[in-house]
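I have placed the structure first, in the form of structure tokens, so that the comments after it can refer back to it.
The values are calculated or read from the model by the stated rules, or taken from the named source; none is laboratory data. Quick caveat, the model's predicted, so the values are computed rather than measured. Cβ: placed from backbone, ideal geometry, glycine included. Neighbour counts: every protein chain shown.
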């Protein structure tokens, strides 16, 4: 792709680093920004800067938050005896959109993937085990994507969690193998949460 401006090329290159954004889409976005008033562009860049500088991760569940403890963990309307374990914030948002779950969450920050150099110590697994030591948790729901990495992580977690006197559930597999939670429609995901089953039934 030939650029008439080095500045234009640099901006397109940066936009092109975003997931799912190719060169043509990046160019379209940059040209759109160029047409906007300075105030609009300043508002856009300010939002990005604030996001990076001020965003926090909940000290309890590690979900993205504006404060040290997220609104879900602070809410006395939520069932704090049930923890839904997910890969990242996108999965929290997907499950919340179903309106089928009223517990709290624990965001692992990824999945075990030896090929990518991601091991158990790279995830928030120890923090989850610490939450269980309070004795207030009755059920853990393992709501991870139906992929090889997701199943590997679930199996590892099960071996760690079975030491505790809690119910360990996994979401019903109305989700095709290889599917990621953020792309599953709300009805299917909601039913998968509502009809969760004990993990023991899925192994053996």
> Which residues, counting only those in the stretch 35-73, are surrounded by fewer than 15 Cβ atoms within 10 Å (Cβ to Cβ) and in contact (Cβ under 8 Å) with a residue 12 or more places away in the chain?
Replying inline: 54, 56, 66, 68
> Based on what the data block shows, is residue 76 within 21 Å of residue 137 (Cα to Cα), out of contact with any helix residue (DSSP H, G or I) (no Cβ under 7 Å at 6 or more places or on another chain) and loosely packed, with under 10 Cβ neighbours inside 10 Å?
Replying inline: yes
> Looking at the stretch 98-123, which of its residues are part of a strand (DSSP E or B) and in contact with a strand residue (DSSP E or B) (Cβ under 9 Å, 6 or more places away or on another chain)?
Replying inline: 103, 104, 105, 106, 107
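Mind checking which helices (runs of 4 or more DSSP H) fall wholly inside the stretch 1-90 and carry at least 2 residues that are modelled with pLDDT of 95 or more and touching a strand residue (DSSP E or B) at 6+ places or on another chain (Cβ under 7 Å)?
On the way: elements: 6-15, 23-35, 38-54, 71-74.
Per the criteria, 71-74.
Is it fair to say residue 119 is without any contact (Cβ under 8 Å) to a residue 12 or more places away in the chain and assigned by TED's automatic domain parsing to the domain that holds residue 75? It would help to see each step written out before you state the result.
Values: without any contact (Cβ under 8 Å) to a residue 12 or more places away in the chain: yes; assigned by TED's automatic domain parsing to the domain that holds residue 75: yes.
For residue 119, the condition - without any contact (Cβ under 8 Å) to a residue 12 or more places away in the chain and assigned by TED's automatic domain parsing to the domain that holds residue 75 - is met.
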>> Can you tell me how many residues within the stretch 79-116 are surrounded by fewer than 21 Cβ atoms within 10 Å (Cβ to Cβ) and closer than 23 Å to residue 50 by Cα?
In response: 5
